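Heads up, the thing below is written out as C-alpha cells.
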Amino acid sequence: MATVEKDSVSGQNTTGHEWDGIKELNTPLPKWWVYVFWATVIWAIGYWVMMPAWPTLNGYTAGYLGYSSRGTLDAELVAQKKGRSAWLSKIEASDVAAIEKDKDLLRYAMAGGKIAFNENCAACHGVGGVGAYGFPTLADDEWLWGGTLADIEQTIKYGVRNANANSRQSEMPKFGADGLLKPEQISAVSDYVLSLASKAPAKGSAGETVYAENCAACHADDGAGMAAVGAPALNNQIWLYKGTKDAIVAQVTKPKHGAMPAWSERLDASTVKMLAVYVHNLGGGK
C-alpha cells in the first residue's frame, strides 16, 4: 500500500508513488484553471442545448435557437433576389439594343455580365475575353459569327455545334483525310493562305487555284471570311489554331471544330442579355 507523506522541501503531500527515490507530489490544480475548466463544460452543455450539435438518423438536433447557416444563406439570397428583381425585370423586358441605350441599365448589365462571364465563359475565352488556343478572342473586332449585339446574343443563346436545334452549325471538309485534295495541293494552298495573311497574295500560284476552287466559297476570294457560315478571315494574323505552315496543313487535312454550349439552356434570359451586352462592350463589338 502506498504511503502518503509530506515532502520536506516543498511542504506538499506526496501521492505515495516513488521511483528510484523520486517521490511524486500531489499538487492540486490552480483554482483559476479548475474554474475555467468547469466554465467550458457548462458552455459546451449550453451550446449543445441551444445550437445544432448532434447527428441523428434523420438529420441532426436543431437546438433551442433553431440556427442554420444554410437557412441564413437562403434568407440572404432571397433578400438579394428581391433587391435585384426590379433591375432584372427591366432587363428581361428590354431588348439588348435598348439596354445599351439606357445608361443605368447598361451600367447594371455590364456589372452583371462581367460576373456571369467570369463564372461561365472565362474558362475558355479568358478573363476579359482575351481568348486562348482554339477559343476566339472576344475583345477585338474579328468575329466568326458576327459581332453585332443581335449576333452575339444569338451565339450565346444557342451556342455553336451542339444539340440545340437553333445552334450555329458549320463544318469544314476534311480535305486531306477524305482524299479531296492531294498532299501537294494542301501544301500549296497552305502557302497561299500564309500569303493572304501577310497581305501579299501569291497571285498566279498553284495554291491560288486550289483556294479558288475549294476555299473561296466560304472564306471569300480575298480571305475576308464569311460570318454567315462561321468561316474565319484568313487575310490577317489572327489564328484559332496557330498560323504556321504545319498548323494550316493540319487544319486543311483534318480540321478541328470547336463547340459552345447553348447558354439559354443553363442561364435565364436576363443573364444572357447581360452577357451579350458585356461581350459587345469588351472592345470589339460592331
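Residue-by-condition table, conditions (1) of a type in the set (K, R); (2) loosely packed, with under 14 Cβ neighbours inside 10 Å; (3) at pLDDT 95 or above:
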site	(1), (2), (3)
I42	no, yes, yes
P52	no, no, no
L57	no, yes, no
T61	no, yes, no
Y64	no, yes, no
T72	no, yes, no
A93	no, yes, no
I99	no, no, yes
L106	no, no, yes
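Among the residues that make up the stretch 222-245, is at least one of them part of a loop (DSSP other than H, G, I, E, B), more than 30 Å from V130 (Cβ to Cβ) and either free of Cβ contacts under 8 Å to residues at least 60 places away in the same chain or in the same structural domain as L275 (by TED's automatic domain parsing) (or both)? Don't jump to the end; show me each part of the working.
Going residue by residue through the stretch 222-245, those that are part of a loop (DSSP other than H, G, I, E, B) are 222-225, 230, 232-244.
Then keep just the ones that are more than 30 Å from V130 (Cβ to Cβ); that gives none.
No.
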**Item:** Among residues of the stretch 178-207, those that are of a type in the set (S, T, Y), within 14 Å of N235 (Cα to Cα) and buried (at least 17 other Cβ atoms within 10 Å of the Cβ), counted
**Value:** 3
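I need the full set of residues from the stretch 173-197 which are among the polar types (S, T, N, Q) and either free of Cβ contacts under 8 Å to residues at least 12 places away in the same chain or touching a helix residue (DSSP H, G or I) at 6+ places or on another chain (Cβ under 6 Å) (or both), in order please. Break it down stepwise before answering.
Here is the first cut: in the stretch 173-197, the residues among the polar types (S, T, N, Q) are 185, 187, 190, 195.
Correct list: Q185, S190.
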**Request:** Name every residue in the stretch 149-196 that is within 19 Å of V96 (Cβ to Cβ) and in a helix (DSSP H, G or I), in order of residue number.
**Result:** L149, A150, D151, I152, E153, Q154, T155, I156, K157, Y158
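Can you confirm whether the stretch 63-80 contains a residue that is touching a Pro at 6+ places or on another chain (Cβ under 6 Å) and either outside any helix (DSSP H, G or I) or acidic (D, E) (or both)?
Restricting attention to the stretch 63-80, the residues satisfying the condition of being touching a Pro at 6+ places or on another chain (Cβ under 6 Å) are 63.
Filter again for either outside any helix (DSSP H, G or I) or acidic (D, E) (or both), leaving 63.
Scanning the stretch 63-80 turns up at least one residue that is touching a Pro at 6+ places or on another chain (Cβ under 6 Å) and either outside any helix (DSSP H, G or I) or acidic (D, E) (or both).
Hey, any hits in the stretch 166-183 for a residue that's of a type in the set (F, W, Y) and assigned by TED's automatic domain parsing to the domain that holds V272?
Checking the stretch 166-183: not a single residue is of a type in the set (F, W, Y) and assigned by TED's automatic domain parsing to the domain that holds V272.
Go over the candidates E265, E213 one by one and state the one that is within 30 Å of S85 (Cα to Cα) and either in the same structural domain as I156 (by TED's automatic domain parsing) or free of Cβ contacts under 8 Å to residues at least 40 places away in the same chain (or both). Before you say what the answer is, go through the steps one by one.
Working: E213 fails: within 30 Å of S85 (Cα to Cα).
Checking each option against the conditions leaves just E265.
Matching residues to (1) over 25 Å from H219 (Cβ atoms); (2) outside the structural domain of S270 (by TED's automatic domain parsing); (3) in contact (Cβ under 8 Å) with a residue 60 or more places away in the chain:
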residue	(1), (2), (3)
V78	yes, no, no
G112	yes, no, yes
P136	no, no, yes
T148	no, no, yes
I152	no, no, yes
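The values are calculated or read from the model by the stated rules, or taken from the named source; none is laboratory data. Keep in mind that this is a model prediction, so the values were computed, not measured. Quick reminder, even Gly has a Cβ in these numbers, built from the backbone with ideal geometry, and neighbours come from all protein chains shown.
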